[in-house]
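Working notes, structure below.
The values are calculated or read from the model by the stated rules, or taken from the named source; none is laboratory data. All of these numbers come straight from a predicted model, not from anything done at the bench. Virtual Cβ from ideal backbone geometry, glycine too; neighbours counted across all protein chains shown.
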Amino acid sequence: MRSKASCLAVGLCCLCAAAIPALNTAGPGVGPARQARPAFYGQEVLDDIDVTAPEDALGEADGRFAEIRPGGEMTVLMDDRIYYSDASDDGRVVTKGEGQYGLAGLFRMTEEGEPAWQPLIPGGTPGGFKLGSVMFPVAQSTDTIKIVNDDTRPVFVDAVLGYRSEIDRTLRPATQGLRRTKRDRTTSGRRP
Ligand SMILES: [Ca+2]
């Protein structure tokens with residue numbers, strides 16, 4: 001029943017990039033429209049304060065949640081680097097509940113400089129985030145994400161995703177091949 005809407009969406013993919021994912025609020029399910037954007041996930045908890053079951057925020061969304069209590073925070077090392085993209089969101093945090101949270105990424109703004117935390121800005125989809133605004137240096141990237149509970153309610157985190165950008169693929173074609181193999185395994189039965 002969404003066929004007409006889907007056709008339009010494909011034709012206007014650039015303009016609608018922010019709107020399409022809104023259809024996918026159910027969680028880890030990745031529809032055909034999203035297959036062009038493989039994701040990677042958190043692989044290690046580097047630090048956590050006032051967090052129950054922090055490891056449940058790693059890997060793909062599976063319905064198990066880390067609970068960041070009010071005032072708590074956790075730092076996640078991603079499986080790969082997240083690059084800025086001007087097309088759509090750069091990553092996403094899968095959460096449940098009403099608790100509000102802040103996000104920051106660890107960036108090295110110069111080759112010699114010390115890494116520094118920079119706030120990440122909300123993206124165009126639920127839980128989505130971007131590394132920065134449209135003026136953000138395109139070459140910047142981060143593989144370390146901090147989630148801070150600045151609410152009075154708990155924040156439940158199922159997964160942290162990074163989206164692979166066009167720039168990322170151009171820079172590292174070998175990695176793209178690895179990712180394609182992995183995706184084929186996870187989407188067997190839904191090949192084009
Ligand atoms: Ca989980």
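Some values worked out for this structure:
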item	result
Given (1) surrounded by 19 or more Cβ atoms within 10 Å (Cβ to Cβ); (2) aliphatic (A, V, I, L, M); (3) at pLDDT 95 or above, number of the condition Ile20 does not satisfy	(3)
Evaluation of Asp89 against (1) of a type in the set (D, E, K, R); (2) out of contact with any Phe, Trp or Tyr (no Cβ under 7 Å at 6 or more places or on another chain); (3) modelled with pLDDT under 95 (one fails), failing number	(2)
Residue ranges of strands (runs of 3 or more DSSP E) in region 77-141 with at least 1 members on the phi < 0 side of the Ramachandran plot and surrounded by fewer than 19 Cβ atoms within 10 Å (Cβ to Cβ)	91-96, 101-107, 116-119
Search result, residues across region 35-52 that are at pLDDT 95 or above and farther than 15 Å from Val94 by Cβ	Gln43, Glu44, Val45, Leu46, Asp47, Asp48, Ile49, Asp50, Val51, Thr52
Failed item, numbered, when Leu103 is tested on (1) of a type outside the set (D, E, K, R); (2) under 19 Å from Asp150 (Cα atoms); (3) away from the ligand (no atom under 16 Å from the Cβ); (4) over 14 Å from the mean Cα position of the chain (by Cα)	(4)
In region 52-66, residue farthest from the ligand (Cβ to nearest atom) [restricted to those that are surrounded by 20 or more Cβ atoms within 10 Å (Cβ to Cβ) and outside any loop (DSSP other than H, G, I, E, B)]	Pro54
For Glu112: the one exception among (1) touching a Gly at 6+ places or on another chain (Cβ under 6 Å); (2) at pLDDT below 95	(1)
